[in-house]
Each structure stands twice: as C-alpha cells, then as structure tokens.
1. Name the residues in region 176-208 that are part of a helix (DSSP H, G or I) and either within 9 Å of the chain's Cα centre (by Cα) or over 13 Å from Lys76 (Cβ atoms) (or both), would you?
2. Select from region 137-161 the residues that are more than 16 Å from Ile175 (Cα to Cα) and part of a strand (DSSP E or B) and list them in ascending order.
3. Determine which member of the set Thr50, Thr69, Thr24 is at pLDDT 95 or above, surrounded by fewer than 14 Cβ atoms within 10 Å (Cβ to Cβ) and closer than 24 Å to Lys186 by Cα.
4. Residues to consider are Val127, Val144; find the one that is of a type in the set (Val, Ile, Thr), buried (at least 20 other Cβ atoms within 10 Å of the Cβ) and touching a Ser or Thr at 6+ places or on another chain (Cβ under 7 Å).
5. From the list Gly195, Gly170, which residue is surrounded by 22 or more Cβ atoms within 10 Å (Cβ to Cβ) and either within 17 Å of Leu101 (Cβ to Cβ) or at pLDDT below 95 (or both)?
6. Of all residues in region 90-126, how many are without any contact (Cβ under 8 Å) to a residue 24 or more places away in the chain and either closer than 20 Å to Thr146 by Cβ or assigned to a strand (DSSP E or B) (or both)?
Amino acid sequence: MKLKVIEFLILIMFTFVIASCHRTSKTQLPVYQPSDFNQELVDINLHNSTENHTVADFELINQNGNTITQEDYKDKIYVADFFFTRCPSICPIMTNNMEKLQHLFMQEDDIMFLSLSVTPELDSVPVLRQYADSKGVIDEKWNVTTGDKKHIYELARKSYFAVVEQGDGGLQDFIHTPNFILVDKKKQIRGIYDGTKDEEIERLKSDIDVLIQYRPKN
C-alpha cells in the first residue's frame, strides 16, 4: 500500500514538473531582429542587422476613409497582413482566418488587426468598405487599408519582412504573401505565421495569449 502511495506521489510530482516546464517555455516569445529571418525576406540593406528592430511609422487610409497611423495602434498588440480585394486564391482564406481571430479576441481591447492592400490603386475606399462589410470586419478592431504603394511595399519589405521578392514599389512591382505578422505593444515583431494554414493560426492564437498575459517591465 505504501509503495502505491509513493508511486502516486512521484507521478504527481512528475506531472507538475512537466506542466511547469511547459508554462515556462511559453511565458515569453522571441523578439525578432532582421538577422533572425530568412535573409530572402529581409531588405538587402538590413541583412545581418541585430539592432532593436521596430515597425516603422505608417500612414494609411482605412475602409472609412480615415487616416490610420501608429497612434491608432499605440499600446496595442496587433496582427498585420498584406492582401488585395480581387485576389481569388490565398486572400479569401487569410481574410476568413483574420475574421476568426477578430471574433476570438473581440473582448480583448489590447488586440487589433491591420490589413494593407498590395494593389492600392485599385482598392479605393468604397471598394474597401464593400469588402470589409462582406468579410465581417468590425471597424473598431480591424483596419483594412489602402495608401501610397511605395510606402506599403517598403513596410512589407523593411518593417514586417513579409515578402521574398525585392522591388521598388513601382508600377510593375507586385507582392503576394500568406504571412500574418504579430506585433507587440513596443512595435516589435514577435512571430510570423502562414495565414492559410489552420495549425499556424492555432500557433498564432497561443502566442497572442502569451503576449496578453505577459506584462513587460517599463
């Protein structure tokens, strides 16, 4: 009888240790620097950079015709992606998954979403408004944006590291990426995920939970 009790106590202790290790492994997420990425995703001018990388300030126009800047995402955790309204392939899947995330974190005021059009010359405010309405976008949570093409493409390549192809944001330049980028309250990249894959969306959900629970020291 005593042996069984000892075995039971050992089992409990082992389970506690495993659970503690698991919790410890997810108490923080890495902060990604340019040197941490596949160099194909990083603008050539930032190769091997290990300095504290943050997303650059931006100025975009959302589905309501309002100007959106970093101030609208101040002290927010957010997920960014790049899309275009006429995309028939990966974008509908990505938008559907973003809508699911929006619904899941609806009650979390700290969580927002940002979609940037890669064909801003075609995705006017009325087009974005119609798209947002059809996709269940909630204005307070999710900005679906257009803007200057060169600005958007520079953000994709130099801030979010979302695309492989190099380019200048000119007329013939075009990017198409499935990546979701997780950004914390300090404008730091904390993860990149394939927005078309269910297992990647689950990983993103888990990582958002980590950022919600973790309160860094000021």
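1. Filtering region 176-208 down to residues part of a helix (DSSP H, G or I) leaves 198-208.
Correct list: Asp198, Glu199, Glu200, Ile201, Glu202, Arg203, Leu204, Lys205, Ser206, Asp207.
2. Answer for region 137-161, where residues must be more than 16 Å from Ile175 (Cα to Cα) and part of a strand (DSSP E or B): Trp142, Asn143, Val144.
3. Values: Thr50 fails: at pLDDT 95 or above; Thr24 fails: at pLDDT 95 or above.
Exactly one residue qualifies, and that residue is Thr69.
4. Working: Val127 fails: buried (at least 20 other Cβ atoms within 10 Å of the Cβ).
Val144 is the lone residue from the list that is of a type in the set (Val, Ile, Thr), buried (at least 20 other Cβ atoms within 10 Å of the Cβ) and touching a Ser or Thr at 6+ places or on another chain (Cβ under 7 Å).
5. On the way: Gly170 fails: surrounded by 22 or more Cβ atoms within 10 Å (Cβ to Cβ).
The match here is Gly195.
6. Count: 4.
The values are calculated or read from the model by the stated rules, or taken from the named source; none is laboratory data. Fair warning: this is a prediction, and the values are worked out from it, not measured in the lab. We place every Cβ from the backbone using ideal geometry, glycine too, and count neighbours over all the protein chains shown.
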